[in-house]
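Handing you a structure now.
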Amino acid sequence: MSPRETRLDRALGAAPTVTAGPRPLAEMLAFAWRAILKIRHNPEHAVDVVVTPVMFTVIFTYLFGGALAGSTDAYLDFLLPGILVQTVMFTSIYTGFILNQDIQRGVFDRFRAMPIWRPAPIAGAILGDVVRYTVSAVLVLAVGLVMGFRIEGGAGALLAALVLLNVFALGVGWIFTALALMVRTPGTVMTLSWLVLMPVTFGSNIYVAPETMPGWLQAFVAVNPVSHITTALRGLLGGDPSLSAIALALVTPFAVTAVFAPISMWLYGRER
Amino acid sequence: MSQAILTEDLSKSYGPTRALDGVSLSVPRGQVFGLLGPNGAGKTTFVRVLSTLIRPTGGRAQVLGHDVATDPGAVRARIALTGQFASVDEDLTGRENLMLLARLIGLPGNAARARCAELLAAFDLEGAATRQVSGYSGGMRRRLDIAASMIARPELLFLDEPTTGLDPRARADVWAIVRRLARSGTTVLLTTQYLEEADQLAERIAVIDHGRVIAEGTAAELKARVGSGVLKLTLRDAPAAAEAARIADRLGLEAHAQDDPRLLEVPLTGADEALPLLSALTAEGAAPVDFAYGQPSLDAVFFALTGHGAEPEHEPAP
Ligand SMILES: Nc1ncnc2c1ncn2[C@@H]1O[C@H](COP(=O)(O)OP(=O)(O)OP(=O)(O)O)[C@@H](O)[C@H]1O
Ligand SMILES: [Mg+2]
């Protein structure tokens, strides 16, 4: 028998003792670890979602800042909180993209044939998303700080802002998760997600105060959840936090989760 | 002891398509069982039902004594699946793939690391352990995919077309692995489109077509029905081929016409039947310009079993 066959025989004959599943927490952490490995191996995804917001920040601040807010510094303080919202929302598109890719490639078949807690792959991916949202928000924030943005509210406000951004993105992310479970290709997930995100990020109070907009647009901006969280973040980071604005900003993520999380889990459990 | 797999009248329909149309099979433990069939025969559907990924629309299926519909959890705890389409993560390295699965089945950190190292070495993947799977060759991917199924020792392993698309060298590697698996006592359900592969690896073989089992038995029994070999003749031209077919007929052999009218395939029960036929052809002026003796193709198997060749796709009934 060749040494190779001996090695194979020994490996195949060994029977490691395993704990009979399901163990939801450990499995979720394993999937979160996988999500983080994917960020490490595909850093271009993180760069992708950060480049556009940074570009917008630079262009808008230096080009229109003076005209819109009297000075570039004043405009940057106004703009950056909303840009952070845009950043985490762009990042949340990748949640759907990666999920769809997994399903198309057959990796999920293996997971689904294992004795694990059914929602573990999705729950773990969401946990990994917290890392992605935080990393991309911090990157954009760092660029902002270099350009002269000031966090008036201090470290506590910064922490609260990051938590708020995460809660918002995790909630909204369920829409893209559901979408990813419905369409055939990762590319379609991308295209459809942009179609949703473009109008809600531009039709908001991120770039300019709505006072000069036509009435119908003002009405849209007023009910747009993106405006709500932008307002809440401006308050937080500007040192003037408003509880009612924060509460209003939290309504959408919780409502979306309540509706789209069960839909996603149903779609996930459905046969393919 | 119960059978590894026991199905009764198992069916699965997709609209008008009957992917499985009443399959009753019994697979004993400790064997490699081959499921042989052309594209669209229902092999993957059978594997997906038995590995609890999809629910049957009719009939019953037990895996290792547990019903797939009523007790899928017990089935999942005892099986492993290496699917037809790579079930490893392209973005991760070979080692990371194995570590993820080791964690998921509950191996503690050190044991997981040791087990992954052992498997990477045994499957000749040590050198590629820290490379992303997207850069692997087809053969390496397959080996990793099988290793991933062997982290805990499953009682039953599903291998869905493990060698389709591999070059001969990589195919030989997978064959060697399956042989060692069989020796280790793991029950394996292997699907394939090649009679030669089923013959080489499996103790028992079921031939499946249009979702139905059309023959079942040991490789030897099947070959007794199909002929253990086939003589492939290339004649000078079409008339010579017709003449050769007549000569074969006279010797009690059946010559099957092929798409190319100069080609004939003659199933034989053994290589010793080839010589009399070749001499007769030469003596009567229909000497082949080329010939080869080999295993019957899947097409020849189907011809012998059903009287028609293997049809590649399952057309839904109008
Ligand atoms: N999800 C599905 N929806 C509709 N039809 C399906 C689905 N899955 C399989 N089928 C059909 O069921 C039949 C059997 O398919 P299956 O994939 O089991 O064949 P197979 O033997 O694995 O073929 P191959 O050798 O190409 O892998 C085919 O006609 C296929 O088109
Ligand atoms: Mg198949």
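The values are calculated or read from the model by the stated rules, or taken from the named source; none is laboratory data. Just so it is clear, the structure is predicted and the values come from calculations on it, not from any experiment. So basically every Cβ, Gly included, is an ideal-geometry build from the backbone, and we count neighbours across all protein chains shown. Heavy atoms of the whole protein, side chains included, go into the accessibility calculation; ligands, DNA and RNA do not. Shrake-Rupley method; radii C 1.70, N 1.55, O 1.52, S 1.80 Å.
For peptide B:89-97, what's the mean number of Cβ atoms from other chains within 10 Å of each residue's Cβ?
Per-residue shielding by partner chains comes out at 5.
Label points 7 Å out from Cα along the Cβ direction at B:D67 and A:T185: separation in nm?
With each label point 7 Å from Cα toward Cβ, the separation is 4.3 nm.
With every protein chain left in place, what is the accessible area per residue of the range B:94-222 in square angstrom, probe 1.4 Å?
34
Leaving ligands, DNA and RNA out of it, report the carbon-plus-sulfur percent of the accessible area of chain A at a 1.4 Å probe.
72
Under 10 Å, Cα contacts only: if you run a Gaussian network model on chain B, which one of B:L195, B:L107, B:L125 comes out with the highest mean-square fluctuation?
B:L107
Of the residues B:D167, B:D145, B:D67, which exhibits the maximal mean-square fluctuation in a Gaussian network model of chain B defined by a 10 Å Cα contact cut-off?
Per the Cα network of chain B with a 10 Å cutoff, B:D167 tops the list.
What do you get for trypsin sites (Lys or Arg not before Pro) in the range A:170-271 restricted to DSSP loop and a cutoff of at most 13 other Cβ within 10 Å of the site's Cβ?
Answer in residue order: A:R184, A:R270.
Suppose R0 equals 51 Å. What FRET efficiency, 1/(1 + (r/R0)^6) with r the Cβ-Cβ distance, do B:F85 and A:L158 give to the nearest 0.05?
0.70
Calculate, for A:A247 and B:T57, the FRET efficiency according to 1/(1 + (r/R0)^6) with r their C-beta to C-beta distance and R0 41 Å; round to the nearest 0.05.
My answer for the efficiency is 0.25.
Next question. Chains A and B: what accessible area do they bury, summed, in square angstrom to the nearest 100, with a 1.4 Å probe?
Roughly 4200 Å² of accessible surface disappears when A and B pair.
Between the range A:123-149 and the range B:233-247, how far is it from one alpha carbon centroid to the other, in angstrom?
75
Right, another one. Determine which lysines satisfy two conditions relative to B:K12: a Cα distance under 21 Å, and not lying fewer than 8 residues away in the same chain.
Reachable lysines: B:K43.
Provide the FRET efficiency to the nearest 0.05 for the A:F202-B:Y14 pair, computing r from the beta carbons and using R0 = 56 Å.
According to the calculation, E is roughly 0.85.
Once both axes come from the Cα atoms, what is the angle between helix B:94-104 and the longest principal axis of chain B, in degrees from 0 to 90, rounded to 10?
Value to nearest ten degrees: 60.
Roughly what angle does helix A:186-202 make with the longest principal axis of chain A, taking Cα atoms, 0 to 90 degrees, to the nearest 10?
Helix A:186-202 sits roughly 20 degrees off the main axis of chain A.
If you don't mind, there's one more thing I want to ask. Which three extents, in whole angstrom, do the alpha-carbon atoms of the protein assembly as shown cover along their principal axes, largest first?
105, 54, 45
Turning to a different aspect of this structure: So what is the accessible area of the range B:228-295 per residue, in Å², with the probe set to 1.4 Å?
53
Something else now. Give the percent of DSSP beta bridges with both residues in the protein assembly as shown that are antiparallel, rounded to the nearest 5.
For the protein assembly as shown, the DSSP antiparallel bridge percentage is about 65.
If you count, for every residue in B:48-59, the Cβ atoms of partner chains within 10 Å of its Cβ, what is the mean?
Neighbouring Cβ atoms belonging to other protein chains average 2 per residue here.
Quick check on packing: order B:44-53, B:255-264 by the mean number of other C-beta atoms within 10 Å, highest mean leading.
Per-residue Cβ counts within 10 Å, averaged per peptide and sorted highest first, yield B:44-53, B:255-264.
Still on this model: Roughly how many Å² of A:M147 are accessible to a 1.4 Å probe, to the nearest 10?
40
Using helices alone, what [θ] at 222 nm do you get for chain A, with -39,500 (n - 2.57) per DSSP H run of 4 or more residues, divided over all residues and rounded to the nearest 500?
Roughly -26500 deg cm²/dmol at 222 nm, from the helical runs in chain A.
Another one. Which value, in Å², gives the accessible area per residue of the range A:3-269 when a 1.4 Å probe is used on the protein heavy atoms?
In whole numbers, the range A:3-269 has 43 Å² accessible per residue.
Can you give the convex hull volume of the alpha carbon atoms of chain B per residue, in Å³?
156
In whole Å, what three semi-axes, largest first, describe the equivalent ellipsoid of the range A:3-269 built from its Cα gyration tensor (square root of 5 times each eigenvalue)?
Semi-axes, largest first: 40, 20, 17 Å.
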